[in-house]
Amino acid sequence: MDTLTTIDFNQHVIVRLPSKNYKVVELKPNTSISLGKFGAFEVNDIIGYPFGLTFEIYYDNEETSSDDSKDSKQKNKIPIGKVKLLSQEIKDDNNDKSDGQSEIPLAIKKIPTSVELSSVDSSATNQNLVNMGSKAQELTIEEIEKMKQESLSSKEIIDKIIKSHKSFHNKTAYSQEKYVNRKKQKFAKYFTVEYLSSSNLLQFLIDKGDIQRVLDMSQESMGMLLNLANIQPNGNYLCMDETGGLLVYFLLERMFGGDNESKSNGKVIVIHENEHANLDLLKFANYSEKFIKEHVHTVSLLDFFEPPTLEEIQERFTPLPKEEARALKGGKKNSYYRRLRWYNTQLQVLELTGNFLYDGLVVATTLHLPTVVPKLAEKVHGSRPIVCYGQFKETLLELAHTLYSDLRFLAPSILETRCRPYQSVRGKLHPLMTMKGGGGYLMWCHRVIPAPEPALETVTEVESSDTVIEHDAKKQKI
Amino acid sequence: MTANCFSGYKDLIKEGDLTLIWVSRDNIKPVRMQSEEIFNTRYGSFPHKDIIGKPYGSQIAIRTKGSNKFAFIHVLQPTPELWTLSLPHRTQIVYTPDSSYIMQRLNCSPHSRVIEAGTGSGSFSHAFARSVGHLFSFEFHQVRYEQALEEFKEHGLIDDNVTITHRDVCQDGFVIKKGDTTSYEFINGESAALLNANVVFLDLPAPWDAIPHLDSVIATDEKVGLCCFSPCIEQVDKTLEILGKHGWTDVEMVEIQGRQYESRRQMIRSLDDALERLRDIKKHKIQGVERRKRMFNNTVDSSDEKIEKRSEEGIPLTEKAKFNPFGKGSRIKEGDDNYKWKEVTKVETEIKSHTSYLTFAFKVINKSRSDEKVNEVLQSMNKQQKD
């Protein structure tokens, strides 16, 4: 099976719930996955389907009831249902995945759309609709809870709720649709299985409330960063990532597309400010350990700027010939291999910090940028881009000014990109009433190699053709 | 075989290389290095032979004609984003904020097989080509097709991972057959190209006419992403209708707003300094009045300061320059070390307030699985566990 397009075992996937929330799950064979109030399902039942499909959880009433009687302790456990592909009409109601709870886009066809609404009357206007709060609904919370316990399908529950709603027929068709969608978010038992793309992982973290951890990043800022940094499968990139590996995951996905078999030899070298790099989020990635080892290297700031010499390394450890190493016993053997690993890491540090020049510098750190970027940029090849992500414009501004006065950097610019989502319904197109703020900023420039100091002769003044223009424009008249 | 000059990384500038010469932000020129040629600017001439052999990113300096100043340029290796800035516009182009968002949202990677219609100025084609497995680009305008084909050949894209076809996709769909005007090279016995696209980008005036043709060329066993790029909201409305009819789901339209900021400085001018300056002016004014009074009364004696200065028109010149904390009356360069500055950002004077609406939709054609295959996998796994 193609794990990039098909749901497969032992893979992390992202599950989209009716509440528009995301959940990352690992698909272990012969296990079940609980989605809380949205039900639970067997992993084996969804394996082999392509990504992007929506499944409904349903229950054969006999089975679940017999389960209950057998084991009373399991009463609070979410019963595991069977799954079937959700029919097209219902799925369409869920057409908007990334937006707030306040505006749920309506379906894109003639109204009424939902099967739940096919047999009810509606009103042309809401003229006769009187706000009577919860009194309009004759079902009590207890009764609804009971229905849920009885594992009725979401359609049955919603049908009953509509029937028990006194003024439902006074609502307009659009308003009815919204009502049904809102109820679905509560009672529907369906889920969509998606590939764990970098954007999906970001969305998952945002939903979880980890905005600070991901430095307020947005999909659009990350997309622009990848393009401006000219990320390619065979590039070697210097990277600082304070998001716990999200930025690295964005790079890897663009470079290799999740493919463990990729023949490309690009590398991401993560420079970290603590003793060890934090790439926690890569635990969700479906790259093999071997793949990550080959394509992601970590070096601390200290090792990067003050690498050990070969002599220093060899003074502390020299590997034994293979046969001798194999002959070692027990604790000695373990400690030998631990030290061998250390030795190899050190040799790698040497290699990564030597005369090697990188194909790009990509930074998302809260360290003071004017001190970090010019130093790291020493290791960047001429003509290669430098892109810094910052949550705040001001920190990038200070950096841009610093780089502007340094001839090794060409045309530092501060960029911002924002995505504005619309309610995407025919005849009712308008921007959503609320959207996420933030999204950060980017500083983009190119590493260049200044021409050697002009010979002394008679020349004292050096002006670049472009700085002539730019400085002229910048004179401030007071 | 022409090497793709947009992919991979080059160290030294070589004879025959396509370079981008950066003169200024809005003057970036594509130049192919030929040792006998000269690159001319209004500041002076840069012989290619002085550029060839230097590392990419090098600044090249010359002394300008008749002055003691130096002028310089930077020589860069082309990237799709720089290319977009330098582009000879054949049509309205898709700019980086839009193209980068589309690529990210459609999860572009070496795994992607992309359909693009139309090619236009080829700006987005370059960005796609850099990042995806294969790009199938369609252009219905004969001249633009030929120009784009020529350009893609020169850039080494055709020999790498780009196919361009002359086609009105709204009328004739996307299938590439033998005998079509296309850069596609058919392998022995092949009568039609296998596109199997999983990403589709439609930059067409009437995308609704093209959408029905997609089913025969998109991948059947995986989720396919589509983006329509339309400037008018009426186009979006029509597109939504047809997407619904043809089974595209998860439909969402968005708009991207890109902004670029200039880093600038504003002088910090304190209230105290402003007050002090006014006091200073006032003081000098009073002194002047008194002096004139004394002159009028003929009481000027030798001990008084110098004779009052008057301009040719007879207006007295005050010595207000004595306390001039803000450098009034002279042109101060932004950031002058003699003054205090606050770093500020200034948005471009003209912004692209609307490029186009981006309508995204997704489709899975074959929504089934092979139970047999799943069972096989399961059994082999269970067996492994037992062993």
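Whose amide H sits under 5 Å from the amide H of B:Val94, counting only residues 5 or more places off or on another chain, with H placed in the peptide plane?
Distant-sequence amide H within range of B:Val94: B:Ser123, B:Phe124.
Just to check I understand the Karplus step: with θ = phi - 60° and J = 6.51 cos²θ - 1.76 cosθ + 1.60, what whole-Hz values come out for segment B:23-40, glycine and proline as x?
Coupling constants for segment B:23-40: 8, 7, 3, 9, 9, 10, 10, x, 9, 8, 6, 9, 4, 8, 8, 10, 9, 9 Hz.
Helix-derived [θ] at 222 nm for the protein assembly as shown: sum -39500 (n - 2.57) over DSSP H runs of at least 4, divide by residue count, nearest 500? It would help to have the intermediate numbers written out before the result.
On the way: 25 runs with 261 residues, N = 865.
Estimated from H runs of four or more residues: -9000 deg cm²/dmol.
Which loop GluC sites (Glu not before Pro) in segment B:153-211, with loop taken from DSSP, have no more than 15 other Cβ atoms within 10 angstrom of their Cβ? Write out the running numbers ahead of the final one.
Details: sites: B:Glu154, B:Glu185, B:Glu190; in loops: B:Glu185, B:Glu190.
Sites meeting the loop and neighbour criteria: B:Glu185, B:Glu190.
Nearest 10 degrees, 0 to 90: what angle lies between the long axis of helix B:371-386 and the longest principal axis of chain B (Cα atoms)?
In chain B, helix B:371-386 runs at an angle near 80 degrees to the longest axis.
Rg/Rh for segment A:366-430 to two decimals, with Rh computed the Kirkwood way over all alpha-carbon pairs. Walk me through the numbers before you get to the answer.
Numbers: Rg = 17.4 Å, Rh = 14.2 Å.
A ratio of 1.23.
Report, to the nearest whole %, how much of the accessible area of chain B belongs to carbon and sulfur atoms, 1.4 Å probe, protein only.
Answer for chain B: carbon and sulfur cover 49 percent of the accessible area.
About the Cα centre of the protein assembly as shown, how large is the charge dipole given +1 on each Lys and Arg Cβ and -1 on each Asp and Glu Cβ? Please answer in debye to the nearest 20.
Numbers: 114 positive and 120 negative charges, 473 e Å.
So the dipole magnitude of the protein assembly as shown works out to roughly 2280 debye.
Can you give the angle from 0 to 90° between the axis of helix B:233-245 and the longest principal axis of chain B, with both taken from C-alpha atoms, to the nearest 10?
Result, in degrees: 20.
Rounded to the nearest whole Å², what accessible area per residue is found for chain B with the 1.4 Å probe? List each step's numbers first, then the result.
On the way: 19440 Å² over 387 residues.
Normalised by residue count, the accessible surface of chain B is 50 Å².
Provide a list, ordered by number, of residues in segment A:403-425 showing at least 50 Å² less accessible area with every protein chain present than when their chain is taken on its own, using a 1.4 Å probe.
Those residues are A:Leu410, A:Ile414, A:Glu416, A:Cys419, A:Tyr422, A:Ser424.
How would you rank A:315-324, A:240-249, highest first, on the average number of other Cβ atoms within 10 Å across their residues? Walk me through the intermediate numbers first.
Working: A:315-324: 10.4, A:240-249: 24.4.
Most protected by this proxy first, the peptides run A:240-249, A:315-324.
Taking every eigenvalue of the Cα gyration tensor of segment A:205-286, multiplying by 5 and rooting it, what semi-axes result, largest first, whole Å?
Values: eigenvalues 83, 45, 35 Å².
Square roots of five times the eigenvalues give 20, 15, 13 Å.
Roll a 1.4 angstrom probe over the protein heavy atoms and tell me the percent of accessible area of segment A:140-289 that is carbon or sulfur. Numbers along the way, then the final one.
Details: 2480 of 5440 Å².
The computed percentage sits at 46.
Using the Cα gyration tensor of segment A:266-356, with a ≥ b ≥ c the square roots of its eigenvalues, what is the shape: rounded (a/c below 1.5), prolate (a/b larger than b/c) or oblate (neither)?
On the way: a/c = 2.15, a/b = 1.31, b/c = 1.64.
Note, shape of segment A:266-356 comes out oblate.
With viscosity set to 1.306 mPa s at 10 °C, what whole-number translational diffusion coefficient in µm²/s follows for the protein assembly as shown from Stokes-Einstein and a Kirkwood radius over Cα pairs? Write down the numbers at each step before the final one.
Details: Rh = 31.5 Å.
It diffuses with D of about 50 µm²/s by this estimate.
Would you pull out the residues with amide H under 5 Å of A:Arg384's amide H, same chain only if 5 or more places away, H placed 1.01 Å from N?
A:Arg447
Across all directions of projection, what mean area in square nanometres is found for the Cα convex hull of segment B:1-106? Could the numbers behind the result be given before it?
On the way: hull surface 34.5 nm².
Its average projected convex-hull area is 8.6 nm².
What are the ³J(HN,Hα) values, in whole Hz, obtained from phi via the Karplus relation 6.51 cos²θ - 1.76 cosθ + 1.60 with θ = phi - 60°, for each residue of segment B:188-200 in sequence order, with x given for Gly and Pro?
2, x, 6, 9, 9, 6, 8, 7, 6, 6, 10, 9, 10
List every residue whose amide H lies under 5 Å from the amide H of A:Val24, counting only residues 5 or more places away in sequence or on a different chain, with H placed 1.01 Å from N in the peptide plane.
Those lying under 5 Å, H to H, from A:Val24 are A:Val15.
Over chain B, calculate the relative contact order: mean separation of alpha carbon pairs under 8 Å at least 6 apart, over the residue count, as a percent.
14
Could you pull out the pairs from A:Lys20/A:Lys186; A:Lys267/A:Lys293; A:Lys183/B:Lys238; B:Lys285/B:Lys328 whose alpha carbons sit more than 21 Å apart here?
Details: A:Lys20/A:Lys186 11 Å; A:Lys267/A:Lys293 10 Å; A:Lys183/B:Lys238 30 Å; B:Lys285/B:Lys328 18 Å.
The answer is A:Lys183/B:Lys238.
Apply the Karplus parameterisation 6.51 cos²θ - 1.76 cosθ + 1.60, with θ equal to phi minus 60°, to every residue of segment B:215-227 and state each ³J(HN,Hα) to the nearest whole Hz, in sequence, with x for glycine and proline.
Along segment B:215-227, the couplings run 3, 7, 10, 8, 4, 8, 9, 8, 6, 10, x, 10, 10 Hz.
Once every Cα of chain B carries one equal point scatterer and solvent is ignored, give the base-10 log of I(q)/I(0) from the Debye formula at q = 0.15 Å⁻¹, two decimals.
-1.31
Between chains A and B, what is the buried accessible area summed over both chains (1.4 Å probe, protein heavy atoms, nearest 100 Å²)?
Details: alone 26710 and 23900 Å², together 41620 Å².
Protein heavy atoms only, the A-B interface buries about 9000 Å².
Taking segment B:33-92, which GluC sites (Glu not before Pro) meet the DSSP loop condition and have no more than 14 other C-beta atoms within 10 Å?
Values: sites: B:Glu36, B:Glu37, B:Glu81; in loops: B:Glu36, B:Glu37.
The qualifying sites are B:Glu36, B:Glu37.
The values are calculated or read from the model by the stated rules, or taken from the named source; none is laboratory data. The structure presented is a predicted model; accordingly, all values stated were derived computationally and were not measured. Cβ coordinates were reconstructed from backbone atoms using ideal geometry, including for glycine residues, and neighbour counts include every protein chain displayed. Please note that ligands, DNA and RNA were not included when accessible areas were found on the heavy atoms of the full protein model with its side chains. Shrake-Rupley method; radii C 1.70, N 1.55, O 1.52, S 1.80 Å.
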